[in-house]
Each structure stands twice: as structure tokens, then as C-alpha cells.
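The values are calculated or read from the model by the stated rules, or taken from the named source; none is laboratory data. This structure is a prediction, so every number in the text was calculated from the model and none was measured. Cβ placement follows ideal geometry from the backbone for every residue including glycine, while neighbour counts extend to all protein chains displayed.
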Amino acid sequence: MATVRKTITLSASQDAWIKSRIAGGAFTNDSEYIRDLVKRDQSQEDRLATLRAAIARDSTAAPATSRWTIYGAPPKTALPMADLRLSSAPQVIWPK
């Protein structure tokens, strides 16, 4: 991999943050930390492009004949707030 030498300007707090990440053993030097940030940013942009393409593709698709075809029947009664739990699992939101 060819490399390009860059000069960047950081605030004192940003420099301290990078030094703390290196001292913590997560990275061996400043360049490694910056390269990791760039790789993460590139990966995030790739994921966003994929999501945008899927949204654009789905927005041009033919609509379903009924919202309930996709989601199923609405609940008969509302859940009490005490029964709701926070989780990282996908949430189902019933259409109005």
C-alpha cells in the first residue's frame, strides 16, 4: 500500500484523546489511530449507500394491497407501559 504523508492540526484535547487511546493499548501510534478512523468512516459511508439504495429501490416498488398484509392484524388491546421492555431487538410498530 502506497502511503502519503499528511500534516494535520488538532486541538490539545483531541491530541490528548489520541494519546490516551495509544497509552491504553488500542493503537501503536497516531497514524494507526487516524487510519482506523478513516476506515470506519469509509465503512459507514458504504453501509449508508447500501441503505439509501434499498430505500430508493423499495420506494419505487408496487405498494402492498393492505398494510395488514405486511404487519398482520393489529393487537386487540394496548400493552400496559409496565409490560414494555427496552431491547436491541427490532420493534414492531402497528400502523394507525
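The C-beta contact set for segment 38-67 (first residue in a loop (DSSP other than H, G, I, E, B), second residue among the acidic types (Asp, Glu) and at pLDDT 90 or above, distance under 8 angstrom, 6+ apart or interchain) is empty.
Remark: SER13 matches the filter, which requires a residue to be at pLDDT 95 or above and assigned to a helix (DSSP H, G or I).
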